[in-house]
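Data block below; observations after.
The values are calculated or read from the model by the stated rules, or taken from the named source; none is laboratory data. Small disclaimer: the values here were computed from a predicted structure and weren't measured. As a convention, Cβ positions derive from the backbone with ideal geometry for all residues, glycine included, and neighbour counts pool all protein chains shown.
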Amino acid sequence: MESFVPFALNALTLISILLIVSIGLAIIFGLMNVINLAHGEFITIGAFTLVAIQAVGGSFWLALLAAPAVGYAIGFALEKTLVVRVYRNPLHAILVTWGLSLIIQQVIQLIFGPAPQRVVGPFPGFVTIAGANYPAYRLFLIGFALSVFVGVILLFKKSRFGLDLRASIQSTEMASVMGVNADRINAQAFAFGAALAALAGVLLAPLTAVTAYMGINYLARSFFVVLVGGAGSISGVAAGSGIIGGLETALSYQIPATVAQALVLILAIVILRFRPRGILPS
Amino acid sequence: MKAAISQGRSATPATRRGLRPTTLVAIATLVVLAALPLFAKSYALTSYRDVLLLAVFALSLDIFWGRTGILSFGHATFFGLGAYGMAVVAIHFEIDPAWVSLAGLLFGVGLAAAVATLVGYFILYGGVRGAYFTIVTLALTLIAHHVAVGWSDVTGGDSGLIGVPPITLFGYAFIGSTESYYLALAVLTVALFGSMRLLHGRLGLVLAAIRDSETKARTLGYRTDRTLLLTFVASASLAALAGAVYAAGTGFVAPDFIALLLSTEVIIWVAVGGSGTLIGPVIGTAIVWKLQQEISSISIAAWPIALGSFFILLVLVFPQGLPAYLLKKVRALRSGKGAAP
Amino acid sequence: MTPADIPVLALDGVCRNFGALRAVKDVTESFQPGELNCIIGPNGAGKSTLLDLICGTLPVTSGSIAFGEEAIHGLPGDRIARLGIARKFQVPTVFESLSVLENLQVAAAPAASATELERILGTTHLLDDREVEASALPHGKKQWLEIGMALAMQPRVLLLDEPTAGLSVDETRDTAQFLSELRGSVTVIVIEHDMAFVRDLAARTLVLHLGEVIASGDFADIETNDLVRDVYLGRK
C-alpha cells in the first residue's frame, strides 16, 4: 500500500498532463486532419510564460491565467497565417508545423538563453496519504488538470462552440450547411488546443527543467495517446492517456526512464498493427 | 506531398528508350566527383568524403519517399544504427583488425535492416500509411536517440564513442583522405546506379502504381504490404551503410548521428534536389551542406531557423520540389520571350 | 463430374452485414466458364457489395465463395486477384501518374509480350494514347483503360462495375460488342443500369433487390417477370 499510493499518484500526474495535451492534439487532428508537430512548442510557450512572469515578480497563478491566453493568441495567429493553407494535404501540414516547431524553439532559446530555467510552483510542502508522503503540488496538479479535462468535456457537450465543433468533426460539409462557419471554428479549435497545451506547460514547469526543447517528448507521447486511443473521440484520449501514462510510470520503476519511454512507444507501434484505428475510434 | 517531380513522366518515347536525362546528370556528376581530388586540398577532401556519404543517406530516403510518396521521418535512426553498429563492434569486441570493418558493416547494416523489418512489419502490415507513418517513424528516431544517450555502457552516452578505425577490406586500409574519398565515391556510384537500375524497371513502375492507388494495385494482385516493406528495408539498409562508412571515416559516433535534426536535414536534402529523381538528392545534399556551412557561421541558432523557414517555403512556394519550381520558372521565362514580338 | 461441369465461381449462402443493415442476403449462385452475366437492380441493392465480397475487398459475414474447387472467401484481395479474378471499379481507378502503356504493363504479368499489350490497346481503342499520362485521359477512355488493365491480367473471371457509365452511345455499343466477344473465353459479371445495353448483351441476368437475388435467367424472361417489374423495371 505504501508504495502503491505514490506509484498511482505518479502515474496520475503523467496521465493528467497527457490528457490536456492530447485533447488539443486530438481536436486539431479530428477536425482538420492536421498533425500538428508544433503542438509540443505550445507546452514550451506555456512554461516560458511562467518563467517570464516569475522573472518580473508575478505569481504562478497569474501565469496559469496568462499562459492559455498567450497560447490561444499565438495559435490563432499561426492558424490564420500558415496552418489554414495546408488543410488539404496532411504531409504539407506535417512539414509546415515541423518548420514552425524548429523556429519557435530557436526563438525561445534566443530570448531566454540555452541554460535550463527553474521555476517554483505553489504548495511546497508534502501531504501524507495512507502513510506515504507526497508533494502537495503534484496533488494540486492532478486535481486541477482533471477538472480542466472535465471542463473541456462539458464545453464539448453543452456549449454552442462544442456543438459546432462536434458537427464539424462529423462532417465539415454538413456543418457548413447548418450555418457553422468552418474557417472560424477551425481557427478557434486550433487556438483552443494550443491554449490547453500552454496550460499543461505551466503545470509541468515546476516539475522539470524548462528548456526550449521540452515540448518534443510530450509531443511524441501525446501522438501515441491519440493513435492508440483513437482519433477524434474524448474517450479515446482518456483511454490512450491511461495506457501510455500508466505503462510508462509502471515501467520506469523497473528500468531506466528512457528505456521505459522507448518500450511504451514500441508497444504503441505493436498495438497499431492490430488496431490501426485505435482502441476506441470515434 | 505527392512525391515531387519525377523524370520520364512527360518524356517523349524517344528519350524513354534512350538514356534518361537524370542518368546523364548522374554520369556527369560522378565524373566531376572523380576528378575532384586532383584539385582539392587533402583536408577539404575529408569534408567532401563526408558529404558523399551523406548524399548516399539522402539517396536512401529518396528510394522510399520519392517512389512511394510515404515520408519517413525516422531515417536518421537507420543512419545512426549503421554508425553505432560499426563503432560498437570496433570498440567493444576484439576482432582481428583485418576483419573488423567487414564485421562492423555487416552488424550495422544488419541491425538497421532488422529494426526496419520489425517496425515496418508492424506499421505497414497494420495499414499505417501517409501522415501516420511519418509520425510513427518520427517517434522511432526519438526512441533511438533516447537509447543512444541513455545506454551509456554501450553507446558512450552523450559523448559517444571515439576510436572507430578506418575501413579495412581484404587487407587494404582506406586511411588517407584520397583513399577514403574514393571509397565513399565508390559506395555512392554503386548505390546510385544500383537504385536507378532497380527503380527505372518494373519495381519503380509498381511503386508508382502503389503511390497512385494502393487499393487498385492490390486488386491487380500485388502484395503491396510486402513491396512497401521490402523497399523500406532496402532504403534503411542503404542509410545504415552510409552511416557505418561515415563513422569509420570520422573515427567517432555521437548522439547527433541518430537525432531528429538529422532526420529533418535529410528530408531537406532530398526536397532541394527533387524527390524521386535519385541524382537530385545527391546534388541537393551538396548544396544544402554548403549553405549550412555559410549560415551556421553567422550563429548557431540561424541554421535551425533557416531549416524551419525552408520547410514552410517548401510547402507554400514550391510544393513540387525546388528543381520543378525552377524548371517551371525557366520555361515561363522562355515562353514569355518567345511570345514577345 | 468432369472439370467442365464445375462452375468457375460458386456463391453459397453469402451474407454481408454493415451493422444492422443486411447489404447482401443469402446469395447462392453459380457462374459457368465463359458465361456472360449481368447483375441489375435499383441503387442500394447490394450489387457493388457483392463484387466486393467476390474479389475480397470486403470479408463475407457468412457463407462461402468457391473459385473452381478452392474456397476464396477470407483470402486477401491480392491473393484472389492472382488466382485470376479481375475487377473494374465503379469509379474508374487507374494509376494517374503512369502512361496508358505503363498502366497495362503494371496490370500484366512481367512476362507479358509486347504484342499481347498491343492487342489490348487495340481492343480498348487506346492505340494512339499509349504514351499519354492516365490523368490526362477523358472519362470514357479511363473506363476503357481500366477494362484493358483487367484484361491484361488474363483473368478467368472478370468483374465489371458499370463499365458504360459516362460513355457515349457509340462507346457503349463498342463495349457491348467486345463483351460479347469475350463470351466463351472469360466468365464476365457486369453490373449495369442501362437496360438497353443489358438487352443487347442478351446475357444471363440476375436481379438484386435489397441484397437478395429475386430473379435470374434470360433477360427476356426477366423483363416479363412481374416481381421484377414491380421493384425495378416498373419504376420507369
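Conditions (1) of a type in the set (V, I, T); (2) more than 21 Å from the chain's Cα centre (by Cα); (3) buried (at least 21 other Cβ atoms within 10 Å of the Cβ), marked per residue:
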residue	(1), (2), (3)
B:G110	no, no, no
B:S152	no, yes, no
B:D158	no, yes, no
B:I167	yes, no, yes
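Selection of the range B:147-166 for residues being more than 10 Å from every other protein chain (Cβ to nearest Cβ) and of a type in the set (A, V, I, L, M, F, W, C) yields B:V154, B:L161, B:I162, B:V164.
Taking each residue of the range C:119-144 that is among the aromatic types (F, W, Y) and looking for partners that are part of a loop (DSSP other than H, G, I, E, B) with beta-carbon atoms closer than 7 Å, six or more apart or interchain, yields C:W144/C:T124; C:W144/C:H125; C:W144/C:L126. Being closer than 26 Å to A:A47 by Cα, out of contact with any Lys or Arg (no Cβ under 6 Å at 6 or more places or on another chain) and surrounded by fewer than 24 Cβ atoms within 10 Å (Cβ to Cβ), is that true of even one residue in the range A:227-238? Looking for residues that are closer than 26 Å to A:A47 by Cα, out of contact with any Lys or Arg (no Cβ under 6 Å at 6 or more places or on another chain) and surrounded by fewer than 24 Cβ atoms within 10 Å (Cβ to Cβ), one finds at least one in the range A:227-238, hence yes.
When the range B:175-193 is filtered for residues that are touching a Phe, Trp or Tyr at 6+ places or on another chain (Cβ under 9 Å) and either within 14 Å of another protein chain (Cβ to nearest Cβ) or modelled with pLDDT under 90 (or both), only B:S177 remains. Within the range A:256-282, the residues that satisfy the criterion of being of a type in the set (V, I, T) and either closer than 30 Å to A:S168 by Cα or more than 10 Å from every other protein chain (Cβ to nearest Cβ) (or both) are A:I269, A:I271, A:I279.
Of the residues B:V119, B:V149, the single one that is of a type in the set (A, V, I, L, M) and closer than 30 Å to B:T215 by Cα is B:V119.
Within the range A:208-222, which residues are at pLDDT 85 or above and in a helix (DSSP H, G or I)? If the condition is that a residue be at pLDDT 85 or above and in a helix (DSSP H, G or I), then A:G215, A:I216, A:Y218, A:L219, A:R221, A:S222 are the ones that fit.
For (1) polar (S, T, N, Q); (2) surrounded by fewer than 17 Cβ atoms within 10 Å (Cβ to Cβ); (3) assigned to a helix (DSSP H, G or I), each residue gets a yes or a no:
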residue: B:I268; (1), (2), (3): no, no, yes
residue: B:S275; (1), (2), (3): yes, no, no
residue: B:V282; (1), (2), (3): no, no, yes
residue: B:A286; (1), (2), (3): no, no, yes
residue: B:W289; (1), (2), (3): no, no, yes
residue: B:Q293; (1), (2), (3): yes, yes, yes
residue: B:I298; (1), (2), (3): no, yes, no
residue: B:G308; (1), (2), (3): no, no, yes
residue: B:K329; (1), (2), (3): no, yes, yes
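Considering only residues in the range C:1-26 that are of a type in the set (A, V, I, L, M) and not in a loop (DSSP other than H, G, I, E, B), the one that is nearest to C:N225 (Cα to Cα) turns out to be C:V24. Please list, ordered by first then second residue, the pairs with beta carbon atoms under 6 Å, 6 or more apart or interchain, first in the range C:81-93 and farther than 21 Å from C:D194 by Cβ, second outside any loop (DSSP other than H, G, I, E, B). Once the first residue is farther than 21 Å from C:D194 by Cβ and sits in the range C:81-93, its partners that are outside any loop (DSSP other than H, G, I, E, B) give C:A81/B:T219; C:L83/C:F67; C:I85/C:V157; C:A86/C:A150; C:A86/C:L158. Highlighted here are the helices (runs of 4 or more DSSP H) found entirely within the range C:27-127 that include at least 1 residues which are buried (at least 18 other Cβ atoms within 10 Å of the Cβ) and within 9 Å of another protein chain (Cβ to nearest Cβ): C:77-83, C:100-107. Residues that are farther than 16 Å from A:F4 by Cα and of a type in the set (A, V, I, L, M) within the range A:231-250 comprise A:A231, A:I234, A:V237, A:A238, A:A239, A:I243, A:I244, listed in sequence order.
Looking at (1) in a helix (DSSP H, G or I); (2) within 13 Å of chain B (Cβ to nearest Cβ); (3) hydrophobic (A, V, I, L, M, F, W, C), find the lone condition where A:L247 falls short. Every condition holds for A:L247 apart from (2). Taking the range A:115-174 as the range and being among the polar types (S, T, N, Q) and under 23 Å from the mean Cα position of the chain (by Cα) as the test, the residues that pass are A:Q117, A:S147, A:S159, A:S168, A:Q170. Can you spot a residue in the range A:46-62 that is more than 18 Å from A:P122 (Cβ to Cβ), in contact (Cβ under 8 Å) with a residue 12 or more places away in the chain and either in a helix (DSSP H, G or I) or in contact with a Pro (Cβ under 9 Å, 6 or more places away or on another chain) (or both)? Looking for residues that are more than 18 Å from A:P122 (Cβ to Cβ), in contact (Cβ under 8 Å) with a residue 12 or more places away in the chain and either in a helix (DSSP H, G or I) or in contact with a Pro (Cβ under 9 Å, 6 or more places away or on another chain) (or both), one finds at least one in the range A:46-62, hence yes.
Of everything listed in (1) surrounded by fewer than 23 Cβ atoms within 10 Å (Cβ to Cβ); (2) within 19 Å of the chain's Cα centre (by Cα), the single unmet condition for A:L25 is (1).
On the basis of being over 23 Å from A:T258 (Cα atoms) and touching a helix residue (DSSP H, G or I) at 6+ places or on another chain (Cβ under 8 Å), does A:A189 make the cut? Criteria met by A:A189. Residue pairs whose Cβ atoms lie under 6 Å apart, sitting 6 or more positions apart in sequence or on different chains, and linking a residue in the range A:66-88 that is touching a residue at least 60 places away in the same chain (Cβ under 8 Å) and away from every other protein chain (no Cβ under 11 Å) to a partner that is surrounded by 15 or more Cβ atoms within 10 Å (Cβ to Cβ) and among the hydroxyl-bearing types (S, T, Y), are A:A67/A:T49; A:V70/A:T49. Report whether or not C:A150 is within 20 Å of the chain's Cα centre (by Cα) and away from chain B (no Cβ under 13 Å). Spelling it out, it is not the case that C:A150 is within 20 Å of the chain's Cα centre (by Cα) and away from chain B (no Cβ under 13 Å).
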